[in-house]
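Asker: My questions will all concern the structure given below.
The values are calculated or read from the model by the stated rules, or taken from the named source; none is laboratory data. Remember, predicted model here, so these are calculated numbers, not experimental data. Positions of Cβ are backbone-derived with ideal geometry, glycine not excepted, and every protein chain shown enters the neighbour counts. Accessible surface areas use protein heavy atoms only, side chains included; no ligands, DNA or RNA. Shrake-Rupley method; radii C 1.70, N 1.55, O 1.52, S 1.80 Å.
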Amino acid sequence: MTVTFRGGNEHVRALVGRLRRIRARRAADALLLGVPSALRARRAGERSLRAVTSLRVELEAVNLKESSTRVSEAGGGEEIARLARAVNRTLERLSEADDRAEHACKRQRQFAADASHELRTPIAALRMRLEEAQLHPDETDLDDLLGYMLRDLDRVQDIVADLLFLTRLGAVPRIVERVNLTELVRAQAARQVDGHHVYLRLDPGVIVDGNPEQIRQMLGNLLDNARRHADRAIRIVLCRVGDGAELTVADDGEGIPLADRERIFHRFVRLDAARSRDRGGAGLGLAVARAIASAHHGTLHVEESPCGGACFVLRMPLSPGRRT
């Protein structure tokens with residue numbers, strides 16, 4: 001089959017040339033349209049790269065402690081800003097963790113120093129008495145010497161026992177039982193506060209969940225504190241308050257200044273060191289009592305006493321089966 005074009009070869013060449021020119025214009029138009037987009041993409045990439053480089057430099061400065069614990073969130077587009085915000089949140093958490101660790105280290109160092117100081121006192125007294133007995137054996141009353149030594153050793157033993165208890169309280173699994181707090185308070189009061197006028201008002205059948213031995217030790221520490229600081233009278237009240245049990249132990253002693261009412265729960269704190277030593281206190285009883293209360297989801301704080309001294313207030317949740 002033969003195809004015939006009018007105008008001959010010249011007409012064909014003209015048509016082909018026209019097609020080529022059209023294609024060239026379209027290619028040029030596409031190139032002109034693509035160049036700005038490519039340039040914009042390149043500039044955006046360069047900005048992102050600069051932003052990432054700046055972020056890296058800031059992070060290195062933070063790592064070297066040469067700047068604050070934050071990086072700039074401006075520049076580099078929304079994605080880089082989101083990355084910077086995520087980095088800042090991570091840095092804030094790391095900074096908080098670092099602060100907590102530093103605080104814990106300071107407390108540990110202070111605790112070790114306080115414990116060493118407390119143990120050094122009775123140990124020094126023991127050594128002094130033994131050296132005196134060694135220098136003057138003929139003038140030493142053996143019964144008196146042994147009595148003094150046993151009292152000093154009792155104090156060392158009490159300090160060590162309380163320190164071990166505080167260390168293990170959060171690590172050893174607690175034995176949880178239903179505890180009749182009413183009977184426990186009554187028994188501890190009868191055993192520990194003799195020699196004082198005791199006002200006792202206890203709601204019957206106040207039941208809590210917890211470790212009986214730990215609760216008994218907490219009550220013993222509170223009652224022993226009241227006994228040592230009361231002049232004549234101690235007031236003990238146990239009642240239900242909503243879904244909780246509330247125990248107040250008040251004395252008619254000197255009381256506790258408002259500024260010291262939180263500090264007395266710190267380890268080895270005594271507001272009157274000489275008086276506390278004379279009465280057998282080592283400055284750990286209230287710290288142990290609060291630690292036990294916290295372990296049983298309770299609270300312990302001190303208020304003004306209706307008797308004129310100090311009033312310790314213990315709150316613990318009732319056993320679920322005994323809530324009203």
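Asker: Of all residues in the range 270-304, count the ones that are open to solvent by 20 Å² or more (accessible area, probe 1.4 Å) and at pLDDT 80 or above.
Answerer: Initially, the range 270-304 is screened for residues open to solvent by 20 Å² or more (accessible area, probe 1.4 Å), giving 270-275, 277-280, 285-286, 290-291, 294-295, 297, 299, 301, 303-304.
Retained after the next criterion (residues that are at pLDDT 80 or above): 285-286, 290-291, 294-295, 297, 299, 301, 303-304.
Qualifying residue count, the range 270-304: 11.
Asker: Follow-up. Within the bounds of the range 240-255, is there any residue that is under 30 Å from the mean Cα position of the chain (by Cα), at pLDDT below 90 and over 17 Å from GLN192 (Cα atoms)?
Answerer: We begin by selecting, within the range 240-255, every residue under 30 Å from the mean Cα position of the chain (by Cα); these are 240-250, 255.
Remaining after also requiring at pLDDT below 90: 255.
From what's left, over 17 Å from GLN192 (Cα atoms): 255.
Yes, the range 240-255 contains at least one residue that is under 30 Å from the mean Cα position of the chain (by Cα), at pLDDT below 90 and over 17 Å from GLN192 (Cα atoms).
Asker: Does VAL179 satisfy the condition of being closer than 21 Å to GLY244 by Cβ and out of contact with any Phe, Trp or Tyr (no Cβ under 6 Å at 6 or more places or on another chain)? I'd like the intermediate steps shown before the answer.
Answerer: Numbers: closer than 21 Å to GLY244 by Cβ: yes; out of contact with any Phe, Trp or Tyr (no Cβ under 6 Å at 6 or more places or on another chain): yes.
Considered against the rule, which asks whether it is closer than 21 Å to GLY244 by Cβ and out of contact with any Phe, Trp or Tyr (no Cβ under 6 Å at 6 or more places or on another chain), VAL179 comes out as yes.
Asker: For the range 156-170, check the following and say yes or no: at least one residue is assigned to a loop (DSSP other than H, G, I, E, B) and closer than 25 Å to PRO317 by Cβ.
Answerer: Yes, the range 156-170 contains a residue that is assigned to a loop (DSSP other than H, G, I, E, B) and closer than 25 Å to PRO317 by Cβ.
For (1) acidic (Asp, Glu); (2) within 27 Å of CYS311 (Cα to Cα), each residue gets a yes or a no:
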| site | (1), (2) |
| --- | --- |
| LEU145 | no, no |
| ASP154 | yes, no |
| ARG168 | no, no |
| VAL176 | no, no |
| THR182 | no, yes |
| ALA190 | no, yes |
| TYR199 | no, yes |
| GLY220 | no, yes |
| ARG227 | no, yes |
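Asker: Considering only residues of the range 152-171 that are hydrophobic (A, V, I, L, M, F, W, C) and modelled with pLDDT of 80 or more, which is surrounded by the most Cβ atoms within 10 Å (Cβ to Cβ)? Can you show your working first?
Answerer: To start, the set of residues in the range 152-171 that are hydrophobic (A, V, I, L, M, F, W, C) comprises 153, 156, 159-161, 163-166, 169, 171.
Adding the requirement that they be modelled with pLDDT of 80 or more leaves 153, 156, 160.
Numbers: LEU153: 13, VAL156: 17, VAL160: 13.
Applying the filter and picking the extreme gives VAL156.
Asker: Restrict the check to the range 139-148 and report whether at least one residue is surrounded by fewer than 16 Cβ atoms within 10 Å (Cβ to Cβ) and outside any helix (DSSP H, G or I).
Answerer: Checked the range 139-148: at least one residue is surrounded by fewer than 16 Cβ atoms within 10 Å (Cβ to Cβ) and outside any helix (DSSP H, G or I).
Asker: Please work out if ARG216 is touching a residue at least 12 places away in the same chain (Cβ under 8 Å) and surrounded by fewer than 18 Cβ atoms within 10 Å (Cβ to Cβ).
Answerer: Numbers: touching a residue at least 12 places away in the same chain (Cβ under 8 Å): yes; surrounded by fewer than 18 Cβ atoms within 10 Å (Cβ to Cβ): yes.
Spelling it out, ARG216 is indeed touching a residue at least 12 places away in the same chain (Cβ under 8 Å) and surrounded by fewer than 18 Cβ atoms within 10 Å (Cβ to Cβ).
Asker: Before we move on, is ARG267 modelled with pLDDT under 90, charged (D, E, K, R), open to solvent by 20 Å² or more (accessible area, probe 1.4 Å) and under 21 Å from the mean Cα position of the chain (by Cα)? First the steps, then the outcome.
Answerer: Numbers: modelled with pLDDT under 90: yes; charged (D, E, K, R): yes; open to solvent by 20 Å² or more (accessible area, probe 1.4 Å): yes; under 21 Å from the mean Cα position of the chain (by Cα): yes.
Criteria met by ARG267.
Asker: Could you identify the single residue in ALA113, ALA125 that is within 24 Å of the chain's Cα centre (by Cα), closer than 30 Å to ASP154 by Cβ and part of a helix (DSSP H, G or I)? Quick ask: steps written out before the conclusion?
Answerer: On the way: ALA125 fails: within 24 Å of the chain's Cα centre (by Cα).
It is ALA113.
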